[in-house]
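Read the figures in this text as sums done on the coordinates, not as results from a lab. Keep in mind it's a predicted model, so treat the numbers as computed, not measured. Heads up, the Cβs are rebuilt from the backbone with ideal geometry, glycines too, and the neighbour counts pull from every protein chain shown.
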Amino acid sequence: MEHPKNRFLAALDRAPVHGCWLGTGSAYVAEIVATTGFEWLLIDGEHAPNTVPGILAQLQAIAPYDTAPVVRAVNHDPALIKQLLDIGAQTLMIPMVETAAQAEALVAATRYPPAGFRGVGGGLIRAGRWGAVADYQAEARDEICLIVQIESQTGVENAEAIAAVDGVDGVFVGPADLSTSVGHPGAPGHETVQRLIHQALEAARRAGKPAGILAPAASDADAYGQAGFQFIATGIDIVMLADTARATARRHRGGERAGAGGSASRTY
């Protein structure tokens, strides 16, 4: 059996590519969204109620469709990174990376010795199709994509050094945490936050690495695409479900406001 190809790496050749955040923790929802035309889907293991078996179920649900799965880990834990790679995640996004040293440690966690310290699962792992993929260990690094998130002012200041680390394949700016870290929570459009976002983008460019961002508001997505971001998350399953449900409820209740709050898209 041939080594499974990384669909996300292939999709980047068509940049900019647009994706959707999956936060429900549901394989059924993941499969629905996989049929809608998004070029990549982010299974969120940081802020969504996801476990390793739940992430596996979503990877399996997405697999038959023409979209690229990305898995965000909850933290930098190398043991968790090993598990996510073993269940078949080929593109990992790791939150809150602030230094090149952290990035180097993450790269090492995705590599087998002697290049790193990823544990060997042999015929036990889905990534190697339970022993059916010849030379999985030798070829695995070629199909692994590591994306590190820049989510703080410190991360932005070190963004070029982080992006330049060999084995880091891209950076992803997190507007919500970044805006909060500089005293403007829920205001990614603030001048200070925008300056930092574009500073991170330029740092990635200088390092020759693609940059991505979360931008559910259409105007933001268009502006970031024009600025040079190469992979942009333009939807969030939970927000789309909640917004549509509220709108439908209001329509059938004569315009009465159904539920509290409105779209949360601007806060991400």
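All other residues whose Cβ lies under 11 angstrom from that of Gly174 are scored, Lys and Arg at +1 and Asp and Glu at -1, for a net of -2. The length gained by stretching the chain between Ala227 and Arg206 to full extension, at 0.36 nm per residue less their Cα-Cα distance, is 6.1 nm. Here the residues Tyr65, Tyr224, Tyr112, ranked from fewest to most Cβ neighbours within 10 Å of their Cβ, fall in the order Tyr112, Tyr65, Tyr224.
Model label points for Thr244 and Met1, set 7 angstrom from Cα along the Cα-to-Cβ axis, are 3.3 nm apart.
How big, in percent, is the set of alpha carbon pairs in segment 100-151 lying more than 14 Å apart?
More than 14 Å apart: 56 percent of the Cα pairs in segment 100-151.
Computed over every Cα-Cα pair of segment 123-268 and binned at 5 Å starting from 0, the pair-distance distribution P(r) comes out as 2, 9, 15, 15, 13, 11, 10, 10, 7, 4, 2, 1, 0 percent. The string of couplings for segment 116-127 from the Karplus curve (6.51, -1.76, 1.60, θ = phi - 60°) is x, 9, 4, x, 9, x, x, x, 7, 10, 5, 4 Hz, one whole number per residue in order, with x for Gly and Pro.
Could you order peptides 32-38, 141-147 by the average number of other Cβ atoms within 10 Å of their residues, highest first? Write out the running numbers ahead of the final one.
Working: 32-38: 16.4, 141-147: 18.9.
Highest mean packing first, the order is 141-147, 32-38.
With Rh defined as the Kirkwood radius, the inverse of the mean 1/r over Cα pairs, the Rg/Rh of segment 1-98 is 0.94.
Considering only Val70, Val97, Val182, the mean-square fluctuation computed in a Gaussian network model of the chain, springs between alpha carbons under 10 angstrom, is largest for Val182. The average projected area of segment 136-203, computed from the convex hull of its Cα atoms over all directions, is 4.9 nm².
Of the peptides 72-85, 127-140, the ranking by mean beta-carbon count within 10 Å, highest at the top, reads 72-85, 127-140. Less than 5 angstrom separates the built amide H of Ala68 from those of Trp40, Leu41, all sequence-distant by 5 or more or on a different chain. Positive contributions from Lys and Arg (+1) and negative ones from Asp and Glu (-1), summed over other residues with Cβ under 11 Å from the Cβ of Ile232, come out at -3. A simple spin-label model places pseudo-atoms 7 Å from Cα toward Cβ; at Val182 and Thr154 they are separated by 1.7 nm. Packing here is the average count of other Cβ atoms within 10 Å per residue, and on that basis the peptides 235-242, 86-93, highest first, run 86-93, 235-242.
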